[in-house]
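Only one structure is covered here, and it is reproduced in the block below.
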Amino acid sequence: MPTYHIWTIGCQMNRAESARLAARFEELGYEAAENIAEADLIVLNSCVVRQSAENKVVNKLHELRHLKKERPNILLALTGCLVDADTARLKKTYPHIDHFFKAGEQPPWLEKPATLPLPHHPSSTAFVTISQGCNNFCSYCIVPYRRGRERSRPLEDIICEVTELVRRGASEVTLLGQNVDSYGRDLKGQPDLADLLMELNSIDGLLRLRFLTNHPKDMSDKLIEAIAKLDKVCEQITLPIQAGSDEILTAMRRGYTAAQYRRLVNQIREKIPGVAIITDIIVGFPGETEEQFRQTLDLLSAIKFDTVHIAAYSPRTGTIAAKELKDDVPPAVKKARLEQTEKLQQEIQTEINARLLGKTVEILVEGRQKGKWYGRTRTDKLVFFTSSSDYPGKLVNIKIDKTSPWSLQGKIKSGKSNQEEE
Ligand code: SAH
Ligand code: SF4
């Protein structure tokens, strides 16, 4: 049997798209290769959101050059956000790559499928893309240039897909979009994310629903009410703030102020008790002063996020910031700000997670790692436990006996959780 290998880096959307590609190849009779060097078909699914990711892709592309020399009959393809409209230029730079196709598109050497194949045995936690692309053009971000304008998938398609994934064994589904708050604006009848969640909440066998990413300028009261009300929708919101200074937020073209963001967080916390809020931060944006950076730290101290993804600004060719603003924060300063932010957030997470000591939490078991089972709470906290029984896809109650900023550990408890989790 011919074999395939898909190498993936970047966001969850890339991972979801790779899983769909894998299902497609398997339908066509391919088998997963033991390792990349032996595969007959290799796809690189790339990310260019920051220079560091782009460098990894370029290194991988160079490695494949040697492989193609040794085994000229293999088929090589590149997808993901490195692929722009100018595939002729890409072909010139990487002549050993046979095919280039844009993120979310179908492999051009295959016939267009009538419906996209789904994995036969999805993991207990599956991902479903609800919209492609983005219309926001935040000044630093390359995503709208590489993934195009926003296109929502019809509500009925998503319902069918989630129903089928659940039938095949998935228990938790995470809906993906660059801005899930604008889902449906381009569809007939303009259904929104709250409408979609209401429909999905009634699918038998589905235990949990998550979604990301929300945009602070677009999140509606209706959605907050729906999250609060629907039992399968987890108490977890990914709401990137990016910076604590209003001048920086304006230069980033984010469309909200720090005060508006804080009001939104208060409203969410009031309506959804125990909700976990996850955010993204960029440090060292062009022109960011010490004082403006301090405002980001102050905001983290005030809000106390459950998780923060922190990145140093990386200029991306073609974006508004790269064209109009000088990347003037020295690399050493960016690094120092990144480390300072990480240190503060680690303290905050230590404190937040320590509150769970001695409590019982309900987790959905995802798999095994280094002899331990692991899964997540509804609030997306990673929990490890030991047991000789078989658990994947099941909900279990764990009494927490050890906490760290990054994960929790505990012992399995029999009987129903009394929802002690915060
Ligand atoms: N649509 C999502 C994800 C965008 S990319 C959102 O709006 O959040 C994921 C994260 O990468 C962003 O939230 C941002 O924090 C970071 N990012 C994007 N472009 C970047 C750049 N040029 N430099 C550093 N970080 C960047
Ligand atoms: Fe990029 Fe902003 Fe769109 Fe997110 S909302 S993908 S950061 S342009």
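The values are calculated or read from the model by the stated rules, or taken from the named source; none is laboratory data. Just so it is clear, the structure is predicted and the values come from calculations on it, not from any experiment. Virtual Cβ from ideal backbone geometry, glycine too; neighbours counted across all protein chains shown. Accessible surface areas use protein heavy atoms only, side chains included; no ligands, DNA or RNA. Shrake-Rupley method; radii C 1.70, N 1.55, O 1.52, S 1.80 Å.
Values as computed for the structure displayed
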{"item": "Subset of region 68-88 (residues that are surrounded by 11 or more Cβ atoms within 10 Å (Cβ to Cβ) and in a helix (DSSP H, G or I))", "result": "68, 87"}
{"item": "Which listed residue is part of a strand (DSSP E or B) and within 24 Å of residue 279 (Cα to Cα), from 344, 364, 356", "result": "364"}
{"item": "Filter result for residue 394 (open to solvent by 10 Å² or more (accessible area, probe 1.4 Å), of a type outside the set (Gly, Ala, Ser) and on the phi > 0 side of the Ramachandran plot)", "result": "no"}
{"item": "Condition broken by residue 332, with the remaining ones in (1) small (Gly, Ala, Ser); (2) open to solvent by 70 Å² or more (accessible area, probe 1.4 Å); (3) touching a Phe, Trp or Tyr at 6+ places or on another chain (Cβ under 6 Å) satisfied", "result": "(3)"}
{"item": "Residue 15, sole failed condition from (1) within 16 Å of ligand 1 (Cβ to nearest atom); (2) crowded, with 19+ Cβ neighbours inside 10 Å; (3) closer than 29 Å to residue 124 by Cα", "result": "(2)"}
{"item": "Residues that are touching a Gly at 6+ places or on another chain (Cβ under 9 Å) and open to solvent by less than 10 Å² (accessible area, probe 1.4 Å), drawn from region 153-170", "result": "170"}
{"item": "Residue that is nearest to ligand 1 (Cβ to nearest atom) [pool: residues in region 222-253 that are without any contact (Cβ under 8 Å) to a residue 40 or more places away in the chain and among the charged types (D, E, K, R)]", "result": "246"}
{"item": "Test for residue 365: is it more than 17 Å from residue 285 (Cβ to Cβ) and in contact with a strand residue (DSSP E or B) (Cβ under 7 Å, 6 or more places away or on another chain)", "result": "yes"}
{"item": "All positions within region 92-141 that are within 16 Å of ligand 2 (Cβ to nearest atom), open to solvent by less than 20 Å² (accessible area, probe 1.4 Å) and free of Cβ contacts under 8 Å to residues at least 60 places away in the same chain", "result": "131, 133, 134"}
{"item": "From the options 319, 257, 279, 307, residue that is away from ligand 1 (no atom under 16 Å from the Cβ) and of a type in the set (S, T, N, Q)", "result": "257"}
{"item": "Near pairs, Cβ below 8 angstrom, 6+ apart or cross-chain, from region 142-166 (assigned by TED's automatic domain parsing to the domain that holds residue 177) to any residue that is aliphatic (A, V, I, L, M) and at pLDDT below 95", "result": "161/118; 164/118; 165/118"}
